[in-house]
Amino acid sequence: MAFAAKQPIGAKVDVPVVSGEGSSEIVLSVQAVTKKIRGRSIIRGISFDIRAGEIFGFLGPNGSGKTTTIRMLVDLIRPTSGEIYICGHQVQREPEEALRHVGCIVENPEMYSYLTGWENLEHFARMQKGIDEARIAEVVEIVGMDNRIHDKVKTYSLGMRQRLGIAQALLGRPKLLILDEPTNGLDPKGIKELREFIRSLAEQGMSLFISSHLLSEIQLMCDRVAIISKGELLAVGSVEELLSQRGAYVIWQFDDREAGVRILRELEHVSIVPEHEQHIDESVLALLPGAVITSMPPDRIAAAVDRLTRSGIGITAIQKVAPTLEELFITMTEGDVVE
Amino acid sequence: MSLSNLLPLVRNETMKVWKKKRFFVVILVLLVLIPVFTYAQMKVALNNRDKFDDWRLQLQQKITDYQNQLSSERIPEEWKQYRRIAVQQLQYYLDHDVNPDSPNAVTFSRGFVEASITMFIPLLVLAVASDLVSGERSTGTIKMLLTRPVRRWKILLSKLIALTLYVSLTLLATVVLSYLIAGIFFGYGGWTLPVFTGFVIHGSEVDSSAVHAVPQWLYLFMVTGLTWLSAMTIACLALMVSVLVRSTAASIVTMMAAIIAGSILTNMASSWHTAKYIFSVNLELTNYLAGSPPPIEGMSLLFSVCVLAIWAVAAIIVSFSVFTKQDMLN
């Protein structure tokens, strides 16, 4: 998979700097939106803004209301109350003006399987003014599908459908690109390429709204994140900001593990995190056999090292590890399961 | 809104039906069925030719048969009424020295369209109409379609226009193919043959004062026009069901049930008068041209056209108001 983002991809968004805090143009504004379906509250009053050039992560477990929210952003369903603006146009009142600035993939990139990739793109190009054949060829090149574009979509793999979906979304030079679980069906290499591709789109001024139930993905890709659970936003903020609310872990490795643990237990300000409460990336832990995970203020590390050394315990490694969003998430939702 | 806005959308919808190969299925079904009926028709013609040298004798024999049935006590009164009317009409043809069953390609086409109007043509219409919206919903493509900057009513309108186009094409293909195939066996003549129309039925009496002869090409044209009206009613209703029901199978079954119910009612419900307001009882518009008695008393061409128009308009109103407001949850 090769997202070759050489030429300009989206609209060049002029970024008018509003006086004051230097905040840029707001591309998407969601204001106190609620949705009730058959008397059940699915979305309970969510609000957030996305600015130009921003990669905005929308994180929540399956069934938390992510897709319902996305469907409301693109006028597939109507909010029960509240308002959504895209580039200043209210989505429900002026759908043509608002949706002109949006490219999206809702859930899976479902295209007409009995048409070729090119015919699909032509179909969607006809639904919007100012998209000529050259533009179609351009988006095909951007997603690197030149050699399969004239095959029927039913012969495509999920990854190729995903790319065709992105090509479709880019056709109208959108200011906002909405991707729902975009890494589904991609291999690790594809995911990495997609991440770089998304970055390059954002650098050109496009805003991206990316939903996911995978924390690591959002953490790697996004500037800001909103966390949703049971139809409510638990937090909105920059990824670093949210993570800094939690202390870091300090991971120890000793030549004599049991002796080391005994000493650590004696120390004030140090608590050993039991295994079931650890929320560290498993791939990190796999590289640290016999690691002892503690939670402690960083300024106490020197004292602890001193105490351990005096007791004759050999320290083979010490490292500080930031908690993942997962821990943040579990703390916020108090145990709502995410992957 | 200008036409130039709508044209690319209509092109999209037309292309999708075409690429789904729905219309090929329609043509294929016609190509299989028409030769079968042509063969059956040819057998009848050969059989008659063996028995009668002159079609006049054959017609006279038919009239005599019917008259004999009229004097029989075992035949229900309702049937007798049909027979009485038929006898008077056949007599009219005989008196004017016109063969109503002259075997030729135009007569066959006319007969084929007349026989197809209640079941076969509606079925072909359903092949195209039933998944216009439900198909996009079950495959999920509706999410791409409705998130483009085009208002929903325009999308549905473009589907309706494409559907109208395919209904017209289906009828055209039916007439043209039946003419071409039947011509191989019966010859391609019969365009100018006179056909009598304008029989007015009062109870069991036929008022032939308004009867006049039209050339068969004109009659075929009128038959096809009326069939188009009834096919479009089916198309509008199928579009509505396709908007309301998410699965294409459910949408076809619903429409077929309604059409079959109508044809059963047509045969048995002459005493249930309210049934005449059901759309599927009114589909057989061509009967009025031929002067057959209506399935329920009080029905006329104007009445049936109005009933069908009301159903069609109601279906369009429901389709648009639901489609433009509906939440696309999956």
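Quick notes
- For the residues B:Leu180, B:Leu171, B:Leu160, the requirement of being open to solvent by 10 Å² or more (accessible area, probe 1.4 Å) and under 30 Å from B:Phe108 (Cα atoms) singles out B:Leu180.
- Single match in B:Arg11, B:Arg56 (criterion: within 11 Å of chain A (Cβ to nearest Cβ) and part of a helix (DSSP H, G or I)): B:Arg11
- Exactly one residue out of A:Ile210, A:Ile178, A:Ile251 is buried (at least 17 other Cβ atoms within 10 Å of the Cβ), part of a strand (DSSP E or B) and over 17 Å from the mean Cα position of the chain (by Cα): that is A:Ile251.
- Selected residue (only one of A:Arg93, A:Arg71, A:Arg126 is open to solvent by 40 Å² or more (accessible area, probe 1.4 Å), among the basic types (Lys, Arg) and in contact with a Leu (Cβ under 8 Å, 6 or more places away or on another chain)): A:Arg126
- When B:Val200, B:Val243, B:Val211, B:Val206 are checked against the criterion of being buried (at least 17 other Cβ atoms within 10 Å of the Cβ) and under 30 Å from B:Tyr93 (Cα atoms), a single residue qualifies: B:Val206.
- Residue check for A:Glu54: at the interface with chain B (Cβ under 10 Å from one of its Cβ atoms), in contact with a strand residue (DSSP E or B) (Cβ under 8 Å, 6 or more places away or on another chain) and among the acidic types (Asp, Glu): no
- Taking the range B:311-330 as the range and being under 28 Å from B:Arg110 (Cβ atoms) and either open to solvent by 20 Å² or more (accessible area, probe 1.4 Å) or charged (D, E, K, R) (or both) as the test, only B:Trp311 passes.
- Scanning the range B:132-153 for residues that are of a type in the set (Lys, Arg), within 7 Å of another protein chain (Cβ to nearest Cβ) and either in contact (Cβ under 8 Å) with a residue 40 or more places away in the chain or open to solvent by 10 Å² or more (accessible area, probe 1.4 Å) (or both) yields B:Lys143, B:Arg151.
- Looking only at the range B:109-131, and only at residues there that are of a type in the set (Gly, Ala, Ser) and surrounded by fewer than 21 Cβ atoms within 10 Å (Cβ to Cβ), the one that is farthest from the other protein chains (Cβ to nearest Cβ): B:Gly111
- Count of the range A:15-38 residues which are within 14 Å of chain B (Cβ to nearest Cβ) and either open to solvent by 60 Å² or more (accessible area, probe 1.4 Å) or at pLDDT below 95 (or both): 3
- Yes/no for A:Glu110 being in contact with a helix residue (DSSP H, G or I) (Cβ under 7 Å, 6 or more places away or on another chain), of a type in the set (Asp, Glu) and within 7 Å of chain B (Cβ to nearest Cβ): yes
- Residue in the range A:64-78 that is at the interface with chain B (Cβ under 10 Å from one of its Cβ atoms), polar (S, T, N, Q) and in a loop (DSSP other than H, G, I, E, B) present: no
- Counted residues, the range A:113-137 - those being at the interface with chain B (Cβ under 7 Å from one of its Cβ atoms), in a loop (DSSP other than H, G, I, E, B) and of a type in the set (A, V, I, L, M, F, W, C): 2
- Any chance A:Gly185 is crowded, with 21+ Cβ neighbours inside 10 Å and either in a loop (DSSP other than H, G, I, E, B) or touching a residue at least 12 places away in the same chain (Cβ under 8 Å) (or both): no
- A residue that is under 23 Å from A:Lys154 (Cα atoms), β-branched (Val, Ile, Thr) and either in contact with a helix residue (DSSP H, G or I) (Cβ under 8 Å, 6 or more places away or on another chain) or open to solvent by 70 Å² or more (accessible area, probe 1.4 Å) (or both) occurs nowhere in the range B:35-45.
- Filter pass, B:Ile252 being among the hydrophobic types (A, V, I, L, M, F, W, C), more than 14 Å from chain A (Cβ to nearest Cβ), open to solvent by 40 Å² or more (accessible area, probe 1.4 Å) and under 30 Å from B:Arg151 (Cβ atoms): yes
- Apart from one condition, A:Glu141 fits all of (1) more than 10 Å from chain B (Cβ to nearest Cβ); (2) open to solvent by less than 10 Å² (accessible area, probe 1.4 Å); the exception is (2).
Residue by residue, here is whether (1) among the small types (Gly, Ala, Ser); (2) more than 14 Å from chain A (Cβ to nearest Cβ); (3) over 15 Å from the mean Cα position of the chain (by Cα) holds:
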site: B:Ala290; (1), (2), (3): yes, yes, no
site: B:Gly298; (1), (2), (3): yes, yes, yes
site: B:Leu301; (1), (2), (3): no, yes, no
site: B:Cys306; (1), (2), (3): no, yes, yes
site: B:Ile310; (1), (2), (3): no, yes, yes
site: B:Ala314; (1), (2), (3): yes, yes, yes
site: B:Ile317; (1), (2), (3): no, yes, yes
site: B:Phe323; (1), (2), (3): no, no, yes
site: B:Met328; (1), (2), (3): no, no, yes
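- Condition check for B:Val25: in contact (Cβ under 8 Å) with a residue 60 or more places away in the chain and not in a helix (DSSP H, G or I): no
The values are calculated or read from the model by the stated rules, or taken from the named source; none is laboratory data. All values derive from a computational prediction rather than experimental measurement. Quick reminder, even Gly has a Cβ in these numbers, built from the backbone with ideal geometry, and neighbours come from all protein chains shown. For accessibility, only protein heavy atoms count, side chains too; no ligands or nucleic acids. Shrake-Rupley method; radii C 1.70, N 1.55, O 1.52, S 1.80 Å.
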